[in-house]
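Presented below is the structure to which this report refers.
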Amino acid sequence: MLLKSLKSIALGTVTLLCAAHLSVAHAQWEPTRTVEIIVPAGPGGGADQMARVVQGIVTKHNLMKQSMVVINKAGGAGGEGFLEVKGARANPHKLIITLSNLFTTPLATGIPFSWKDLTPVAMLALDEFVLWVNAETPYQSVKDYIAAVKAAPPGQFKMGGTGSKQEDQIITVAIEKAAGVKFTYIPFRGGGEVAVQLVGNHVNSTVNNPIEAVAQWRADKVRPLCVFDGKTLEYKDKVAGEKSWADIPTCKSQGLDMEYLMLRGFFMPAGVTKPQTDYYVELFKKVRETPEWRDLMKNGAFNQSFMVGAEYAKWVENEEKRHQALMKEAGFLAGN
Amino acid sequence: MSEASQGTGRGPSHRYVEVGVAIATALFAIIVMIGSLQVGITWGVEGPRAGFFPFYVGLFILISSGFNLYAGFTEYSPSKLFAEWGQLRSVMSVVIPTTVYVLAMPYVGIYLSSFVLIALFMKWLGRYPWGLTLSIAICVPLLTYFMFEKWFLVPLPKGPIEDMLGL
Amino acid sequence: MEELANLMHGFGVALQPFNIGVMVLGIVLGVLIGVLPGLGGANGIAILLPLTFSMPPTSAIIMLSCIYWGALFGGAITSILFNIPGEPWSVATTFDGHPMAQQGKAGEALTAAFTSSFVGALFAVIMITLVAPLVAKFALQFGPAEKFAVFFLAFCSFIGMGKEPPFKTLVSMMIGFALAAVGLDSVTGQLRLTFGFTEMLTGFDFLIAVIGLFGIGEILLTMEEGLAFKGKAAGINPRVVWETWKTLPRFWMTSLRSCIIGCWMGISPAGATPASFMSYGIAKRASKNGANFGKGEIEGVVAPETAAHAAGTSALLPMLSLGVPGSPTAAVLLGGLLIWGLQPGPLLFVEQKEFVWGLIASMYLGNLVGLIIVLTMVPFFAAILRIPFSIIAPIILVVCAIGAYTVHNSTFDVVLMLVFGVIGYILKKCNYPLAPMVLAIVLGDKAEEAFRQSLLGSQGSLGIFVSNGLVGSIMFLGLVALLWPVIADGWTKLRTRTAA
């Protein structure tokens, strides 16, 4: 165990040194004081974990001369964090890690901000969504499950998810539309809690991210039915018994025509300069080279898309339009 | 706030403070109820809506405030004092500097304002010699700086002086 | 027996010199974090997490859990000395702890608090060692309805105890509920009671309210009464620890009850806060000296501290075995585990034996080391009260301001803290009890959320609260606790009548 981690550290350092060497020529600007990563969600969630992993990697491998701190600003479904960054115009020492609430919070609550108030830096990964049921239930496939939901009175089956009018509920509504069924959606505070509610049979299904439910899957407490991505996952290592992430079929192939991936990316306040964003892009490239990062990606079966600059901005813009359409359809837009 | 000013035996009547508090809680209740009405106070098919609980909480406060108002008039004789003026002056001698302290904090930062607050307190209320006053007033913000910003990496509000020093 | 062998192996791991050093460092840092309001256990661990990345996972988790112990111990210090609870579960400790300090018995109160914490935590660790798998199953029984029942029980066992006018108690508690409701409604995702102010988005944090109401309010009251802390006359008695210990065994029943309440709350996981309030409330009802609670009764320190620490410790169990954190601090620890490549969940106990038993062994040792460290510091803590008021008061104000600021990194909160301080002063003078308000701010939104989640699940039927044995019996216990004064009264009457 220890030996293995030492080995991977050594390996990581070597790759890092190479990466650092290559990037020396580009780095024009450097932080002059402590860099803050704002997390618009509570401690322990997916975005928070990712921010803390980045912080840990940067600290452990000395990727930056200044220190890095993580600050949770979860109030108002993350609105608190976004407003803070919006207000910190041209401050190059503030980053914010985003999840889907970048789009959903302003739409659902009317809190005044949009991604256009921020400067996109880099997309580090996309988080997958999987439809889970309790392993003791007889449903082996999406078809079994949807048939059972259809047979029951509308609203009898309970879908657990994180937050209200956010990604989990958007997916739930999309499933309802695609399959012509009706769930009762129950919002909880965090993904881990949702997974445990499923194990305890307090809800019938969830759309947890892989990392939130993997421990329960490995203990054979929950069963994945399908993944909400265009293609099956690329991770072929055995996770639970004989199964790997790659064995989970896509929902589309099972007759649920729905794709949803969640952004895990970084933004800065508006008004920062190009050399400043370039610095962080290089930093994140180095972070992605480390073994710790690869472990995280593998554990959570993340989609490792990496985007920067105009390409990233374009992606965000499209995604915003899509959320607007999805939320309008679901009736989640704020009244005013 | 000095010893001499106490014991004059005069001050605001407890009855009026009681009545004032009851009216204030009633006003608070009305604000809560208005806010609840804005988000819907009915019991929908899926259980109570966002304003249901706050609305009834507001209603409870309003009704109870009424009882407290009545009790304020009947149970407290007008001659009973809330506090003597001298005592209230002592209280205000903390409240006013602290108010200035918290209002100035966003502009001058926590370190400078804490220095002034501590120095003022020790010199004005405690009448300590300048040496002791200054050493404590300087040490506490300095210690705070190292403890929070350097060891625990918690950024605290800073003002123009810290910017000038490049901290 | 296999467990015992594993545990012995764990002790071997924890007793390595490096790990013992890490333990002591962790405790000292933790006490520091616990003493500074605003730097709570969760915060402290989050901040120090990166420090541990270069250590082996077992040493790292030993250090972090020792910070956790330290913070739990440290929380009691400011509650007792200055009436400023740094954590929600220390609020109940102020009720009797601070009056004791005012009577010059700060040393006794601190000793009782630390010792009770140790006993509570020890009880919880023993339970974790012996019945971990069973306990994990029990935790799975808790859905939204069961959680609401627990909150209901916490409220019921606590209210109706004070001597304040009932309408004032009601107003106070309801104001707490109203304040807890401000911000985002987690069930519908709507903003409520914010009236368009972005400062109100985050709602009213418990810590800001409590620093203001209790801490600042106390300073204002002290100012009014002439510039001195009442505890000033307290002598420094190095034998205070020993003398207090001699009196503690008397409260074994309260301790045991509090341990059980604490473990239950920690596992379910409702958390340490309801545990401490519930335990205090029940102790007050059960004790012969119940009428003196709130005036500096040592039993009133023993009950909440024991329960809070039993809960804080047992909250680690659902985190390890289910991956669901029982407290915010446990949530951050959970993040730490993931970074070291440890996957919390049902298989952790099977696949990572060395780590798990090393951790459990370090719980025993860390707790013991912590107790020794904090007990040796009791006379020094008590001596803080001898510092003249006009020096310590502005320093407390500064520390309070920092505490309020660090909650959301917002200067608006500091202003709010002062407003709460003035309100606290006036309400206290007008005989409004403040504890129900604080309890409602801490638990109000959680209780409402659980209630509405339950009703979503039952499609609006209230029957869900009696739908199975577990939820039904907790609700019944709640009703009994609520009506206890009436029941007890009736019982005495009945007995006197039959006797006569």
* Return the total of residues in segment C:398-428 being without any contact (Cβ under 8 Å) to a residue 24 or more places away in the chain and either open to solvent by 10 Å² or more (accessible area, probe 1.4 Å) or touching a Cys at 6+ places or on another chain (Cβ under 9 Å) (or both). => 5
* Asked: open to solvent by less than 10 Å² (accessible area, probe 1.4 Å), within 26 Å of C:L48 (Cβ to Cβ) and not basic (K, R): does that describe C:L337?
  -> yes
* Going by the conditions given, is C:I372 within 11 Å of chain B (Cβ to nearest Cβ), over 28 Å from C:M173 (Cβ atoms) and without any contact (Cβ under 8 Å) to a residue 24 or more places away in the chain? -> no
* Asked: What pairs can you find where one residue is in segment A:90-117 and more than 12 Å from A:G78 (Cα to Cα), the other is open to solvent by 30 Å² or more (accessible area, probe 1.4 Å) and of a type in the set (G, A, S), and their Cβ atoms are less than 7 Å apart, with a gap of 6+ or different chains?
  -> A:A90/A:G271
* **Test for A:Q49: is it more than 9 Å from chain C (Cβ to nearest Cβ) and either over 22 Å from B:F148 (Cα atoms) or surrounded by fewer than 17 Cβ atoms within 10 Å (Cβ to Cβ) (or both)** => no
* To do: Could you list, in sequence order, all residues of segment A:196-213 that are within 7 Å of chain C (Cβ to nearest Cβ) and open to solvent by less than 10 Å² (accessible area, probe 1.4 Å)?
  => A:Q197
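Among A:F188, A:F228, which is closer than 24 Å to A:V53 by Cβ, among the aromatic types (F, W, Y) and crowded, with 24+ Cβ neighbours inside 10 Å? So that I can check it myself, show each step before the final result.
On the way: A:F228 fails: crowded, with 24+ Cβ neighbours inside 10 Å.
Being closer than 24 Å to A:V53 by Cβ, among the aromatic types (F, W, Y) and crowded, with 24+ Cβ neighbours inside 10 Å holds for just one of A:F188, A:F228, which is A:F188.
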* When only residues in segment B:143-167 that are in a loop (DSSP other than H, G, I, E, B) and either within 19 Å of C:G30 (Cβ to Cβ) or touching a helix residue (DSSP H, G or I) at 6+ places or on another chain (Cβ under 7 Å) (or both) count, which is farthest from the other protein chains (Cβ to nearest Cβ)? -> B:G159
* Structure fact -> Taking first residues from segment B:56-74 that are more than 7 Å from chain C (Cβ to nearest Cβ) and under 21 Å from B:T42 (Cβ atoms) and second residues anywhere that are assigned to a helix (DSSP H, G or I) and modelled with pLDDT of 95 or more, the pairs with Cβ under 6 Å that are 6 or more apart or on different chains are B:L62/B:A26; B:L62/B:A29
* Asked: Counting only residues that are part of a helix (DSSP H, G or I) and within 22 Å of the chain's Cα centre (by Cα), which one in segment C:139-149 is modelled with the lowest pLDDT?
  -> C:A139
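Give the number of residues within segment A:262-297 that are assigned to a helix (DSSP H, G or I) and over 15 Å from the mean Cα position of the chain (by Cα).
19
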* Asked: Got at least one residue in segment C:152-169 being part of a loop (DSSP other than H, G, I, E, B), open to solvent by 20 Å² or more (accessible area, probe 1.4 Å), touching a residue at least 12 places away in the same chain (Cβ under 8 Å) and within 14 Å of chain A (Cβ to nearest Cβ)?
  -> no
* Asked: Just wondering, is there one or more residues in segment B:38-45 that are at the interface with another protein chain (Cβ under 7 Å from one of its Cβ atoms), surrounded by 14 or more Cβ atoms within 10 Å (Cβ to Cβ) and among the β-branched types (V, I, T)?
  -> yes
* Structure fact -> The residue from A:A246, A:A215 that alone is under 17 Å from A:Q140 (Cα atoms) and free of Cβ contacts under 8 Å to residues at least 24 places away in the same chain is A:A246
* Asked: Only one of (1) at pLDDT 80 or above; (2) out of contact with any Lys or Arg (no Cβ under 9 Å at 6 or more places or on another chain); (3) open to solvent by 30 Å² or more (accessible area, probe 1.4 Å); (4) not hydroxyl-bearing (S, T, Y) is not met by C:L51, so which one is it?
  -> (1)
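The values are calculated or read from the model by the stated rules, or taken from the named source; none is laboratory data. Keep in mind the model is a prediction, meaning the values are calculated, not measured. Positions of Cβ are backbone-derived with ideal geometry, glycine not excepted, and every protein chain shown enters the neighbour counts. For accessibility, only protein heavy atoms count, side chains too; no ligands or nucleic acids. Shrake-Rupley method; radii C 1.70, N 1.55, O 1.52, S 1.80 Å.
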